[in-house]
Amino acid sequence: MGGFMIRIGDFVTRKSYGNDIVFKVVGIEGNNCFLYGSCIRLSADSPLQDLVLYDKEIDDDFGSDFSEYKSLDRHEYFYLPGKVLHIDGDSEFLSKCMNFYKRNRIKAYGVFCSESELSSKIVSFLEKYNPDIVVITGHDSMYKRERANGNYKNTTNFVEAIHEARKYEKSHEKLLIIAGACQSNYEELIKAGANFASSPKRINIHALDPAIVASSLALSDKNNNIDLIHILEKTKYGADGMGGIITKGTMILVLGILLGIFS
């Protein structure tokens with residue numbers, strides 16, 4: 001099928017990259033198509049003639065098992081997971097992440113916001129939802145050649161949003177920040193004030209990876225340091241795709257017998 005048949009909303013692959021990633025066409029200008037990964041948080045563009053329509057079913061059943069957090073003896077304890085605010089530049093990925101939080105019984109609020117508007121809006125979102133954890137994500141990419149606005153598509157937008165969030169709450173333990181997308185500048189995001197970020201090896205990350213990290217933090221004990229390696233292992237590409245710093249969790253454990261709640 002020729003490139004002239006490709007329309008916005010179609011799923012495609014790129015011949016020059018060996019058809020390795022499935023993208024959704026989100027815009028077309030002249031001979032150039034703008035692409036978002038169908039399952040990964042990668043932004044790209046490509047000439048029409050390099051694209052091939054993808055008409056197969058997209059199989060993406062990746063998800064993490066949080067069963068170890070659900071094994072608490074409810075006759076002795078009840079737990080209050082941390083509250084998550086998930087800000088996403090992709091409405092479809094936002095929906096997937098919100099379903100993921102729901103399945104794992106995490107109290108989460110989802111907000112769609114384009115990456116370019118993050119820094120101007122994030123404080124109002126934080127004031128409205130008062131979360132323990134905020135996810136700042138969407139799409140990103142690292143350019144092979146430096147462009148006018150730098151080497152990354154959206155890392156600067158994420159960095160500026162983190163700066164604003166840290167003006168709102170300076171403590172890394174009172175507000176946990178997870179930021180970035182595919183190929184983001186990990187070091188700059190951590191330096192700006194993120195607890196977790198992508199991507200240490202400048203690789204792609206799965207759409208659910210930020211939500212997996214947020215859920216792990218929401219279900220980690222507030223009084224203890226997190227198990228950093230264990231959390232990263234739950235993501236699609238492990239420590240190559242996501243990294244972070246040691247901090248405490250956000251879940252409050254309450255001894256129910258002492259409070260007489262379960263008596």
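The values are calculated or read from the model by the stated rules, or taken from the named source; none is laboratory data. As the structure is a computational prediction, the values presented were derived from the model and not from experiment. Glycine also receives a Cβ, built like all others from the backbone with ideal geometry; neighbour counts cover every protein chain displayed. Heavy atoms of the whole protein, side chains included, go into the accessibility calculation; ligands, DNA and RNA do not. Shrake-Rupley method; radii C 1.70, N 1.55, O 1.52, S 1.80 Å.
Taking the criterion of being of a type in the set (Val, Ile, Thr) and either open to solvent by less than 30 Å² (accessible area, probe 1.4 Å) or part of a loop (DSSP other than H, G, I, E, B) (or both), the residues of segment 213-229 that qualify are Val213, Ile226.
Selection of segment 106-128 for residues being of a type in the set (Gly, Ala, Ser) and either over 14 Å from Lys167 (Cα atoms) or within 15 Å of the chain's Cα centre (by Cα) (or both) yields Ala108, Gly110, Ser114, Ser116.
One residue stands out among those in segment 187-212 that are in a loop (DSSP other than H, G, I, E, B) and within 8 Å of the chain's Cα centre (by Cα): the one that is surrounded by the most Cβ atoms within 10 Å (Cβ to Cβ), which is Ala207. Out of the residues in segment 123-158 that are surrounded by fewer than 16 Cβ atoms within 10 Å (Cβ to Cβ) and basic (Lys, Arg), state the one that is modelled with the lowest pLDDT. The extreme case among them is Arg147. Within segment 75-101, the only residue that satisfies the criterion of being touching a strand residue (DSSP E or B) at 6+ places or on another chain (Cβ under 9 Å), within 15 Å of Val213 (Cα to Cα), charged (D, E, K, R) and not in a strand (DSSP E or B) is Lys83.
Could you grab me the full set of residues in segment 98-122 that are within 26 Å of Ser220 (Cβ to Cβ) and either open to solvent by 40 Å² or more (accessible area, probe 1.4 Å) or in contact with a Leu (Cβ under 6 Å, 6 or more places away or on another chain) (or both)? Spell out the reasoning first.
First pass over segment 98-122, keeping only residues within 26 Å of Ser220 (Cβ to Cβ): 98-111, 118, 122.
Hits for segment 98-122 are Met98, Asn99, Phe100, Lys102, Arg103, Arg105, Lys107, Tyr109, Gly110.
Does Phe125 qualify as being part of a helix (DSSP H, G or I) and in contact with a Pro (Cβ under 9 Å, 6 or more places away or on another chain)? So Phe125 fits the description; yes.
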